[in-house]
1. Which condition number does Ala87 fail, the rest of (1) at pLDDT below 90; (2) of a type in the set (Gly, Ala, Ser); (3) touching a helix residue (DSSP H, G or I) at 6+ places or on another chain (Cβ under 9 Å) being met?
2. For segment 100-110: of the residues being in a helix (DSSP H, G or I) and crowded, with 18+ Cβ neighbours inside 10 Å, which is modelled with the lowest pLDDT?
3. Report the residue count in segment 130-153 for those that are assigned to a helix (DSSP H, G or I), over 12 Å from the mean Cα position of the chain (by Cα) and either loosely packed, with under 14 Cβ neighbours inside 10 Å or basic (Lys, Arg) (or both).
4. Kindly establish whether Gln70 is without any contact (Cβ under 8 Å) to a residue 60 or more places away in the chain and crowded, with 17+ Cβ neighbours inside 10 Å.
5. Considering segment 13-52 alone, what residues qualify as being in contact with a Ser or Thr (Cβ under 7 Å, 6 or more places away or on another chain) and either open to solvent by 70 Å² or more (accessible area, probe 1.4 Å) or of a type in the set (D, E, K, R) (or both)?
6. Out of Leu129, Leu115, which single residue is in contact (Cβ under 8 Å) with a residue 40 or more places away in the chain and not hydroxyl-bearing (Ser, Thr, Tyr)?
7. Output the residues belonging to segment 162-205 that are over 22 Å from the mean Cα position of the chain (by Cα) and either outside any helix (DSSP H, G or I) or crowded, with 17+ Cβ neighbours inside 10 Å (or both).
Amino acid sequence: MSGQRQAQRRRMEPDARRAEILGAARRLFGAHGYTSVSTTDIATEAGVTRALIHHYFDTKRALYLEVVRQMMVVPASVSERLPPTTAVERVSICVDRWLEVVERNREMWLFAIGLENLGNDQEIEQIMLEADEIATDRVLEAVMMTDVAEGQQKLRAMVRAHSGMLKAASREWLVRGTLSRADLHVMLTRTVLHLVDTVFPAVRD
């Protein structure tokens, strides 16, 4: 039994090291941008060798893309283990979890959403498209509308459009300071619910 536990720990070690590298890269890219950060900087920050970074990610570009993906794709934990209760409570929980992720990674979040304005990087654009679809899945799961058949494409399009407002609102919170985290929680929760409860039925009909 002890041998199995030791084997499990050994299998987990590479994942832990990879996570440390990603965390260091996230902090440095968020603070200084892509071009100003070297793999040596990341290795020093993570407490590993450059060779180990290249072992896991091959190139700085590959590491950078993984950091952007990790930051932009809404993690599964945001909508995991939601209580079988009302859509209002479920959305409220999801929004609170998402705000916690963004607040904890403020600089990298702002850096990542700013990449959308560049519009000249196909790999980044693909990550953003993927992130929007996953975010849409998370929202529909929270409001218990994953099985909607009639008007499904319109519903998904509306939720994707809402994500654009969400990013703009996060700048008001994190950069301008015009909205608090509590304000954003109310705004995002209520607009999602209004969208699916009122706007979508009106558009569908």
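1. (1)
2. Met108
3. 1
4. Values: without any contact (Cβ under 8 Å) to a residue 60 or more places away in the chain: yes; crowded, with 17+ Cβ neighbours inside 10 Å: yes.
Against the criterion (without any contact (Cβ under 8 Å) to a residue 60 or more places away in the chain and crowded, with 17+ Cβ neighbours inside 10 Å), Gln70 qualifies.
5. As a first pass, look at segment 13-52 and keep what is in contact with a Ser or Thr (Cβ under 7 Å, 6 or more places away or on another chain): 43, 50.
Arg50 - this is the single residue of segment 13-52 that is in contact with a Ser or Thr (Cβ under 7 Å, 6 or more places away or on another chain) and either open to solvent by 70 Å² or more (accessible area, probe 1.4 Å) or of a type in the set (D, E, K, R) (or both).
6. Leu115
7. We begin by selecting, within segment 162-205, every residue over 22 Å from the mean Cα position of the chain (by Cα); these are 178, 194, 197-205.
Of everything in segment 162-205, those that are over 22 Å from the mean Cα position of the chain (by Cα) and either outside any helix (DSSP H, G or I) or crowded, with 17+ Cβ neighbours inside 10 Å (or both) turn out to be Thr178, Phe200, Asp205.
The values are calculated or read from the model by the stated rules, or taken from the named source; none is laboratory data. In this text the structure is predicted, and so the values were computed from the model without any measurement. Every residue, glycine as well, gets a Cβ built from its backbone with ideal geometry; the counts of neighbours run over all protein chains shown. In case anyone asks, the SASA skips ligands and DNA or RNA and just uses the protein heavy atoms, side chains included. Shrake-Rupley method; radii C 1.70, N 1.55, O 1.52, S 1.80 Å.
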